[in-house]
Amino acid sequence: MITTGFERNQSFGFTLCRKWRIWPFAVVCFGLFADILIAQNANQESLSQQIQKLTEAMASTQAQLEQSQRQIIEMQKQLKALQQQMAQSSSSEAAPAAPASASSASAADDEPADMQSAVQDIREREAMQESQIATQEQTKIESESKYPVKITGLLLLNGFVNARAVDMASTPTLALPGSGSTGASVRQTVLGFDARGPHLLGADSYADLRVDFDGTSQSNTGAGTYSGPYSANATLLRLRTAHAGLQWERTEAYFSLDHPIFNPDTPTSLVAMAEPALAWSGNLWTWNPQLGARQKIPISSTRDIQLEAALIDVGDAPLSSAIEANDTPTGTPPSSAEQSRWPGAEARIALVGSGLTAEKGNHFGVGGYFAPHRLLTGNEFDSWAGTLDTRLVFPGRLELTGSFYRGLALGGLGGGAFKDFEYRTDSDTDSYYVHPLDDVGGWAQLKEKINERIELNGAFGMDDAFAGEVRRYSVPAGTAYQNLSRNQTFTGNVIYKPSAYLLFSLEYRHLESSPELSPPAESNIIGLGAGFKF
């Protein structure tokens, strides 16, 4: 029988492997025989022990030979299977219209490319699955969209001691004549949801919202309980803020329920959460629906110019409902801004930090605001404001933050001494005369971080509706809100964080409220806060 070259080589390789495998056996046997001779001369071991050692060595060598034989047989099977696969590929890829050599070359070139593409696709799928698994393990929350959702919040207990009377015992913003109060509350607890969504037009999508438990029933809502257009319900649950938008590298389009864009910062407090610190004392804080866009223009490696503009649906000031009481139709009436049928507009231009310093760096901004209003009585007026805001970070972990404004009819934003306008009734025509109030105010805070666990904060804020304008419309029997022209607050607190999730605070606050036609009222407030973040 004629033996091909491949078969001869295979037989020769097999024989060589077998011979090569015998060498370890020979070496082992030689060593054993040497041991036997030495043992006979030195230790006089018994013949049975020597035979046992030789038998074990032969069995071990035989097992190695059998394992090598099985490996060679398996390699032969794999080689034959590969040859058959190559033969089938060559016969199926041959094209009659092209030369055989060209078809073979094309197939040989395409096959590695296809394999590389398939491998890359598999790797991408594995990476995506690993990312999804890691995200699911981290958030442990499943949403209908299957995109990650995170629950955050602050379980907050507040204790308070009010030396004199205030408008709201647990969340005071106005000092009143009368005796004080002491108590505790957990209604300032905040619950939040943060979500990330799909990519759209090259942008990341996101959404978040915050709720608390400081809402009140509509029947009990008054000037002192104002908290925004979506605030009150009988179950105490209250929508605070919400955001959703598309985020590119330097551009953002969004809609939100939040404070005005020209007041980007807020004073730090663990006691004033239901309404931010210095609310109605220079902090234009009210949460209103907004639709806006933001653009950052780099001017250096650490500085950007930020341009931002938005449309805003401004809610009515707490006292605006008084003039509307006799003219309100059945149901919930539109706000005076909505009755004008034109949205308000706001804009801000600022010099801000970029990169890693964007959130904690210096910034300085200039803003503006305008919104038309129309009352159910037919009276019309415009509200406007010009603003400045800043944050300056100094050496030694010292930080100065503030915001200042001058405007007209700012009650819907949290200024104007709780009102947009003063009014009086014309007895002859039974109509109303409305006068929007000029307003000026602002706030400033000095923060000192002792270390990562302890920080000190001191702040002052003032809102001043022009006293001469308020005085002309004040009445002796009017409420403290109606006759109020100036409200100011001094506050200081220490916040201790033994861990990232536990917070404790001691705060002192001094409220001074100045109505027309009556002496100023003051109240000293001690607040305690204990919170658990999650």
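The values are calculated or read from the model by the stated rules, or taken from the named source; none is laboratory data. This structure is a prediction, so every number in the text was calculated from the model and none was measured. A quick note on method: Cβ atoms are made from the backbone with ideal geometry, for glycine too, and the neighbour counts reach across all protein chains shown. With ligands, DNA and RNA removed, areas are computed over all heavy atoms of the protein, side chains included. Shrake-Rupley method; radii C 1.70, N 1.55, O 1.52, S 1.80 Å.
Met462 contributes about 50 Å² of solvent-accessible surface, heavy atoms of the protein only, 1.4 Å probe.
Which length gain, in nm to one decimal place, applies between Thr55 and Leu388 when the Cα-Cα distance is subtracted from 0.36 nm times their residue separation? Walk me through the intermediate numbers first.
On the way: separation 333, 0.36 × 333 = 119.88 nm, distance 9.68 nm.
Length difference between fully extended and current span is 110.2 nm.
Here is the size of region 384-462 from its Cα atoms: Rg then Dmax, 19.4, 67 Å.
For region 487-520, state which chymotrypsin sites (Phe, Trp or Tyr not before Pro) are in a DSSP loop and have at most 10 other beta carbons lying within 10 Å of their beta carbon.
For chymotrypsin sites (Phe, Trp or Tyr not before Pro) across region 487-520 that sit outside H, G, I, E and B with at most 10 neighbouring Cβ atoms in 10 Å, the list is empty.
Between Gln85 and Glu452, the modelled label-to-label distance comes to 5.4 nm, taking each label 7 Å out from Cα in the direction of the beta carbon. Output the pairs from Lys296/Lys447; Lys150/Lys449; Lys53/Lys80; Lys150/Lys447; Lys296/Lys449 with a Cα-Cα distance over 32 Å in this structure; if there are none, say none. In this structure, Lys53/Lys80 exceed 32 Å between Cα atoms.
Amide H to amide H distances under 5 Å link Ala317 with Gly412, Asp420, where only residues 5 or more positions off or on other chains count and H is placed in the peptide plane. Protection proxy ranking for 277-286, 399-408, 76-85, using the average of other Cβ atoms within 10 Å per residue and placing the highest first: 277-286, 399-408, 76-85.
Along its first, second and third principal axes, ordered by size, region 368-500 spans 67, 32, 27 Å in Cα coordinates.
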